[in-house]
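Structure record follows, encoded as C-alpha cells.
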Amino acid sequence: MRILWEAGDHGDGDPFDQGGGTLAHAFFPKQGEMSGDIHFDDDERWTLGSYSGINLTQVAVHEIGHSLGLSHSSVRGAIMFPSYEGYRPNLDLHDDDIKGIQALYGPAQGEEGRELEPEDEWIPGSGSGNPVITALINLCSNCSLM
C-alpha cells in the first residue's frame, strides 16, 4: 500500500481537478500493482481538528475503507458515504461501516460480531440492508471521494 500526494494528471487514469472536487481516491484489493494505494489531491487544503479546510483523518478513513474492499454506502453519516460532509470532531464508524467490514473480514478477534438476521443481511452500499432500499454500487477499478 502506497499513500501519495498527487496533483492533476498523475498517471493512474483518474486525474485530480485542482481542488474542491475529487479529494482523494483509492484502489480496491486485487487491482494489480496499485491494489490498496491511496492518492490524496495535493491541491486541497488539508487540516486536522479544524472546521476549515478538508479533514485529512476523515478522508483517509474513507479511502482506507476502499483499500480494504468497501464500496460506497447510501447512508448519510457513514464513513463510506461518497461525499465529504464537513469536519466531524467525534468521528466514529456508522453501523453500516461496521457491518460492511465484518461482512468482508468477520468480527475483530476476541469479539463477537453482531449476528445478522436474514432480513438484516448487509449488502454493499445498502445502508440498512433492506433490499427495498438497496442501491447496488458496481465496483470500479478505483473509486473517488467527491
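Data for the structure
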item	result
Condition broken by Gly11, with the remaining ones in (1) free of Cβ contacts under 8 Å to residues at least 60 places away in the same chain; (2) in a loop (DSSP other than H, G, I, E, B); (3) touching a helix residue (DSSP H, G or I) at 6+ places or on another chain (Cβ under 9 Å) satisfied	(3)
Flag for His25 being surrounded by 14 or more Cβ atoms within 10 Å (Cβ to Cβ) and assigned to a loop (DSSP other than H, G, I, E, B)	no
Condition check for Val75: within 16 Å of the chain's Cα centre (by Cα), closer than 15 Å to Ile3 by Cα and either surrounded by 14 or more Cβ atoms within 10 Å (Cβ to Cβ) or not aromatic (Phe, Trp, Tyr) (or both)	no
Only listed residue being buried (at least 20 other Cβ atoms within 10 Å of the Cβ), in a loop (DSSP other than H, G, I, E, B) and at pLDDT below 95, chosen from Gly86, Gly113, Gly49, Gly127	Gly127
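The values are calculated or read from the model by the stated rules, or taken from the named source; none is laboratory data. A quick note: this is a predicted structure, and the numbers were derived from the prediction, not measured. When we count neighbours, we look across all protein chains shown, and the Cβ atoms used for this are built from the backbone with ideal geometry, even at glycine.
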